[in-house]
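To keep things clear, I will list the structure first and then write my remarks on it.
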Amino acid sequence: MASNLNQHHHHHHHPRINGQISPPPCPHLADFLSRNGSKPFLALQDCLRSKPPGGRAAIRRDPSEVPRCVSCGDSSRPRLYACVACAAVSCHAAPSPSSSHAAAHAASYPGHEIAVDVDRAELFCCACRDQVYDRDFDAAVVLFLSTSSTTSSSSLVPASKPENLRKRRRVDYCPWSPDIQERILVGNGSSRLDCESDQKPWGLRGLNNLGNTCFMSSVLQALLHTPPLRNYFLSDRHNRYYCQQKNAKNDNNNARLCLACDMDAMFSAVFSVGHAPYSPAKFLYSWWQYSANWASYDQQDAHEFFISMLDGIHEKVAEKDRCKSHSQGHGDCCIAHRVFSGILRSDVMCMACGFTSTTYDPCVDISLDLEPHQGVSGKAGPAKNHHSCNGNTDSKSSSESCGISSLIGCLDRFTRPERLGADQKFFCQQCQVRQESLKQMSIRKLPLVSCFHIKRFEHSPIRKMSRKVDRYLQFPFSLDMTPYLSSSILRGRFGNRIFPFDGDDADGSNEMSSEFELFAVVTHTGKLDCGHYVTYLRLSNQWYKCDDSWITQVNENTVRAAQGYMMFYVQKMLYYKVSEKQVS
């Protein structure tokens, strides 16, 4: 439908719905409601239908009915609208006035301006020739689709209630400025760092390789410069001396192990005066104690180290604050989850009846499959240079895996509906038998920092072999995650509604907080059994290559040409909410 919504001038006093400014009310709809109330809309609820796959709502008096325009008898026009007052079906094809029998019907019969799209169950004003919205009608449609075909199941994340439309009030960011007493405390308890303009940014220093530990160094470089994590440790939110005093009272040596304390010591050392390489030997030793099966000088996987390390921080911090352990699904249990934790939504729809089973799962990263072998991705644009497979052109398996993929394409594939095979039938609670199904993933809640892991290492249990996929991946420096949110995908499934969808008001997010900036890229070069990890960092709008103890300045083209394995994106805009605790 060619909508004229973008022609209206939106004013700041209009309320926001689903992160968008609500359109001004239609005078014809207001007049219709004042004369008829909601009775015509209640009658429409008996005509609501839903057909899988997709579950989009439609208006039919009979499921097998084929709507036709009463004026021309055509059933194939772009839009067919049923008059809410008399149920007459008329066609509409914008923008030609003569091609709209719906507008002619409204002009001939005063009070018949409001109609409903028979294929989308969306309200339309034939006089204004634009889509209109009624909260009660849209809520009834969403409730019909939800109750007739959907069940939510999760032990971690409660489902959003439609009637819960209240949001916590946002507050504008106010920079902290110390008063006289605070200036004295800061002056007495700190020393000034003298920085010359030609020096590297503070905190940028190499990490010594302790014996095949480039996998650890690459991830630590990214974490040391993750803005929310850096701010947390440098503001003394986890004081290792206080934590060690508490642990000293416990005779259990394992209880004294705290990866967060080692992170605090590392931040203090790395962000102190000087740029000499730092040796994270204490952290490596503590990590070996936490994960005994990793305690060796063999080359390890950087992504597996990242997950293991976050689990270690979570486990020890949560032990000391058990009252928050129940909040893991919401990302409030520890600093690791507050920074990296998001929530994924999985919908599995029965292909026979449309019944949908929905589950929610917390995640600290998203693992993405590379797109199938192809040329340049349509969304990413043509590549300027031809990229080799990191020198592995003599390997047939490596050359077969060469090609071009894009992070956008990988995310599209991750959230695309997937028809599960006959061997993956799920038990439908409505049909009471196993049925073929359609599965779709989406992101219900975005983390402060999104980590994307590219599955470059393939393991085939049938062939009993493993290999590395050396396909070039295009990744943007700025990323909009809006299309992959559950609210966006549900809006595409339910249609345009003046109604909050899942996740719209759960964390107060809107289109600004779904925009991310790239700040770190972990790359892998070489083969599966003998490779090397390097990290690229963006600090003060300049890129640096961190290759163990060596730090060099590079340009954007060097970063774009790198073989990305893990990408770290941080939200462009961080929102502050009113504290629930009253400050006296």
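Brief remarks follow.
- Extended-chain gain in nm, criterion 0.36 nm per residue less alpha-carbon gap, ALA281 and HIS459: 60.9 nm
- Net charge of the neighbourhood of ALA107, taken over other residues with C-beta under 12 Å away and scored Lys/Arg +1, Asp/Glu -1, is 0.
- Two-site FRET efficiency, ALA107 against ALA43, from Cβ-Cβ distance with R₀ of 22 Å, rounded to 0.05: 0.40
- Environment charge of PHE426, counting only residues whose C-beta is closer than 14 Å and scoring Lys/Arg +1, Asp/Glu -1: 0
- Per atom type, the stretch 267-308 shows carbon and sulfur on 57% of its accessible surface, probed at 1.4 Å.
- A straight chain from ASN188 to SER99 at 0.36 nm per residue would run longer than the Cα-Cα distance by 24.1 nm.
- With both labels modelled 7 Å from their Cα along Cα-to-Cβ, the ASP74 to GLN181 distance reads 7.7 nm.
The values are calculated or read from the model by the stated rules, or taken from the named source; none is laboratory data. Everything numeric here is computed off the predicted structure, so don't read it as measured data. Don't worry about glycine lacking a Cβ; one is built from the backbone with ideal geometry, like all the others, and counts go over all protein chains shown. For accessibility, only protein heavy atoms count, side chains too; no ligands or nucleic acids. Shrake-Rupley method; radii C 1.70, N 1.55, O 1.52, S 1.80 Å.
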